[in-house]
Amino acid sequence: MSVRVLVADDQEIVRTGLTMILNAQPGIEVVAEAPDGRRAVDLARQLRPDVCLLDVRMPEMDGLEATRLLAGPDVADPLAVVVITTFDLDEYVYAALRAGARGFLLKDAGPALLSQAVHAAANGDALIAPSVTTRLLRTFADAAPARPPRQPVDPLTDREEQVLARVARGRTNNEIADELFITLSTVKTHVTALMLKLGVRNRVEIAMWAYETNRVRPGA
């Protein structure tokens, strides 16, 4: 069964290009397009796509507010959102991840990475463009948080700390398995345990928590 995607971007040529790329990928179908954030929210609520691909800067309503309305912590049944933008150090992107987005990509990411991000979001995972993962997170995590980072409900094990650090550096589950000499299923088990202990919803939030608590430091 194909992953159903909504594409929102205020530039028609970009929407058309993204739609053509996604429809050419196996197991992906674009079911709607929107020229602004407000229309994107309306269509998303009506159609309930598997993934919403949202540009950050749009008229009527920007991608940040649209993400919050579709995937924010107060949404009872959140949708999967992937943010796509031209700017790799845009504060709105970080805020969108805060609001619940499951991924972040640059518009020059290419078909393969775009497809990976859509499939990851549909599967409940998250993908951030590898070229900007740690730079994006640590740039904005350096700013003082609005409130102290939450503490885990139970102490992290040594292995969970190892997995945490690698998630924060943008490693995939397969890469973590290879580096730690453990199975892929074991990595997934540790990631799930981290989400439960930290009270977060996805690996993006795991990574942000790691930077906020100085588990991972710039350049480390």
Rank by packing, highest mean first: peptides 177-186, 34-43, 21-30, with packing defined as the count of other Cβ atoms within 10 Å averaged across residues.
-> 34-43, 21-30, 177-186
If Lys and Arg each add +1 and Asp and Glu each add -1, what is the summed charge of the other residues whose beta carbon sits under 13 Å from the beta carbon of GLY17?
-> -3
Over region 1-111, with neighbouring protein chains present, the accessible area per residue in Å² at probe 1.4 Å is 45 Å²
What's the local net charge at PRO59, with K and R +1, D and E -1, over the other residues with C-beta under 9 Å away?
-> -2
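The values are calculated or read from the model by the stated rules, or taken from the named source; none is laboratory data. Everything quoted here is computed from the prediction, not taken from an experiment. For neighbour counting, all protein chains shown are included, and Cβ atoms are generated from backbone atoms with ideal geometry for every residue, glycine included. Just so you know, the surface numbers come from the protein's heavy atoms only, side chains and all, with ligands and any DNA or RNA stripped out. Shrake-Rupley method; radii C 1.70, N 1.55, O 1.52, S 1.80 Å.
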